[in-house]
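Working notes, beginning with the structure itself.
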Amino acid sequence: MKRMTRLASLLVAAAMAVTLVSGCTNSNTTKTTTVAETTAAGATTKASNGKFDFYIFNTKGENAAALQAAVDAYSKETGENIKVFSLGSGTNSSDALNTEMNSSSMPTIFSIMNIQELKGWVEGGYALDLSKAADPAFKSLVDAIPSNLYLTNDGTTNYGVPYNVEGYGYIVDTLMLADLFGADKVTAMVADVKTATYAEWEAFVLALDAYIQSGTVGSVTLSGNSYALAATKGALAAKLTGVFATAGSQTWTYGDHFLNIAVDAVFANPSAAANATPVQLDSLKGPLLAYAKALDLKTSHAAGTDAALPRGPEFINTTTASYDASVQLLADHKALFLKQGDWVYTNIEKVNADIVKTLTIVPVKMPFTAADITAPGLTVEKMAKSIPVFVPNYYGINAKSSADEQQKAEAFLVWLNTSDAGKKFVIEDMAFIPYNADPATTTLPNSLGQSILEYLKTGDTLSNAYAGAPSGWSGTTVGQKVMESYLTKPVWTDADYEAIANYAIDQWKTMAAS
């Protein structure tokens, strides 16, 4: 096994397997320069005079503009003409990518998000075994990827270069915390929120909601320490309409990522989930009940533009509860928390460049019991203070592209990941955490990335185990059911929690058997 970077070692310690993958949303914007052509889903691509030396299909639109800028810089340096195509926030990339792969001008570099996707591309002969790459510098880049970060189905063959590592939880604006509880309390309070129990978290949410909706003043206890709300609302606190900014129309936010916390309680990594036994699936019942209760709390205290947003038709409306709308609510100080990851940094920055300087991430809490936690090395306390950190996307090389296209694509990936100019785009413009960064020595220029590094330093990380579930189980199946049957209901009961948990388990079993 290759020598691992400190970051890679920490990821292993956090029970991240060889098959680390992502549930991050795809996105929908590209920057166009010179000659541009409109393509599927209203996105745009760029190529000089309609011709290109190779083609990049990118499913991570949060970095669309930055990737285009990197390509422009590389093209200026090398003379290469490169086509870039990016899809949008919450957009399913599968159909568009399949269409492009069956066109006369296939992408040479394409995004692969998980082991389910990888299986199809390998079976179809599209995913190149990176050990067979022709470019010597690219071979060196691939050889330096720690084996625990491989995109692999068999544990040894690597088909991807990691985009980066990412993490997610509740994003919170510390300036708002200062307005609510006092500037001198913020540092201690953030630390105490991170380690607080679910019972403390629930009481915290309820106290905040009472303060926001009716001005009820009180105090909260976090990790055993008491914090008093301000006697009168400050300028920022007066803007709050709810505790959480929620993208109710985006099933991945509560189907994939939120659901993953419960899956992590049983499975150490995606590979373990992909090989789940019926007994293990049955043991998901407790964690899934906890998931349903935590989701009920979150969605019962959502912010709207002018007032609280109750569950109902508007809660799942693509206009009032979209990805962009949830980002806007946080940026406009309408909500205190947004369940998202560091990848959303650039989107928040576009809306409010000032707020991004004071953001941090705290863990998603669920009411787990000791009996719920069966994944190795985890406890209720460990899960309460940890966040998922993982590889979200990989750059794959199309084995069906010409040898010349492959070699040019490989040279670009070398430049992006090793040159000073390329790494600057990755760290500063894409706001990424490099997959080979050392958290002990790396300082990132954005608050959310730096927050993730702090979890890596302490080892308080979880995996992205849900990505090993049957394809479509978490978002398309469970997420869709939750959206249609529960996010439209004002009140949830214990019977609803049971129904959600049973449905999730039954669907996993059915989909795994098909």
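Results for (1) under 30 Å from residue 229 (Cβ atoms); (2) of a type outside the set (D, E, K, R); (3) modelled with pLDDT under 95, shown as yes or no for each residue.
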site: 90; (1), (2), (3): no, yes, yes
site: 159; (1), (2), (3): no, yes, no
site: 172; (1), (2), (3): yes, yes, no
site: 176; (1), (2), (3): yes, yes, no
site: 181; (1), (2), (3): yes, yes, no
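The listed residues are 384, 467, 403, 399, and the only one of them that is among the aliphatic types (A, V, I, L, M) and modelled with pLDDT under 95 turns out to be 467. Looking across segment 445-490, just one residue is buried (at least 17 other Cβ atoms within 10 Å of the Cβ) and at positive phi, and that is 472. Within segment 237-246, does at least one residue satisfy the condition of being in contact (Cβ under 8 Å) with a residue 12 or more places away in the chain, touching a helix residue (DSSP H, G or I) at 6+ places or on another chain (Cβ under 9 Å), in a helix (DSSP H, G or I) and within 19 Å of residue 365 (Cβ to Cβ)? Among the residues of segment 237-246, not one is in contact (Cβ under 8 Å) with a residue 12 or more places away in the chain, touching a helix residue (DSSP H, G or I) at 6+ places or on another chain (Cβ under 9 Å), in a helix (DSSP H, G or I) and within 19 Å of residue 365 (Cβ to Cβ), which makes the answer no. Looking at segment 133-183 only, could you name the residues that are in the same structural domain as residue 272 (by TED's automatic domain parsing), surrounded by fewer than 16 Cβ atoms within 10 Å (Cβ to Cβ) and part of a helix (DSSP H, G or I)? Passing the criteria: only 183. One residue stands out in segment 389-400 among those that are of a type outside the set (Ser, Thr, Tyr) and surrounded by 19 or more Cβ atoms within 10 Å (Cβ to Cβ): the one that is nearest to the chain's Cα centre (by Cα), namely 392. For first residues located in segment 184-196 and in the same structural domain as residue 366 (by TED's automatic domain parsing), partners that are of a type in the set (Lys, Arg) and not in a helix (DSSP H, G or I) and lie 6+ apart or on another chain with Cβ distances below 7 Å form the pairs 194/385; 195/385.
Inside segment 190-231, residues that are of a type in the set (Gly, Ala, Ser) and exposed (fewer than 14 other Cβ atoms within 10 Å of the Cβ) make up a count of 9. Of all residues in segment 214-236, how many are touching a residue at least 40 places away in the same chain (Cβ under 8 Å), of a type in the set (A, V, I, L, M, F, W, C) and part of a strand (DSSP E or B)? Within segment 214-236, residues that are touching a residue at least 40 places away in the same chain (Cβ under 8 Å), of a type in the set (A, V, I, L, M, F, W, C) and part of a strand (DSSP E or B) number 1.
Hey, any hits in segment 30-52 for a residue that's under 23 Å from residue 452 (Cα atoms), surrounded by 17 or more Cβ atoms within 10 Å (Cβ to Cβ), modelled with pLDDT under 90 and not assigned by TED's automatic domain parsing to the domain that holds residue 350? No.
Looking at 100, 117, just one residue is assigned by TED's automatic domain parsing to the domain that holds residue 408, in contact with a Pro (Cβ under 7 Å, 6 or more places away or on another chain), at pLDDT below 95 and of a type in the set (D, E, K, R), and that residue is 100.
Residues checked against (1) of a type outside the set (A, V, I, L, M, F, W, C); (2) more than 25 Å from residue 349 (Cβ to Cβ); (3) out of contact with any Cys (no Cβ under 8 Å at 6 or more places or on another chain):
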{"site": "174", "(1), (2), (3)": "yes, no, yes"}
{"site": "184", "(1), (2), (3)": "yes, yes, yes"}
{"site": "192", "(1), (2), (3)": "yes, yes, yes"}
{"site": "198", "(1), (2), (3)": "yes, yes, yes"}
{"site": "201", "(1), (2), (3)": "no, yes, yes"}
{"site": "208", "(1), (2), (3)": "no, yes, yes"}
{"site": "211", "(1), (2), (3)": "yes, yes, yes"}
{"site": "219", "(1), (2), (3)": "yes, yes, yes"}
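For residue 407, the conditions (1) closer than 30 Å to residue 178 by Cβ; (2) surrounded by 17 or more Cβ atoms within 10 Å (Cβ to Cβ) all hold with the exception of (1).
Can you find even one residue in segment 369-388 that is farther than 30 Å from residue 435 by Cα and buried (at least 21 other Cβ atoms within 10 Å of the Cβ)? Yes, the conditions are met somewhere in segment 369-388.
The values are calculated or read from the model by the stated rules, or taken from the named source; none is laboratory data. Please read these numbers as outputs of a predicted model, since none were measured by experiment. Note that we place each Cβ from the backbone using ideal geometry, even for glycine, and neighbour counts take in every protein chain shown.
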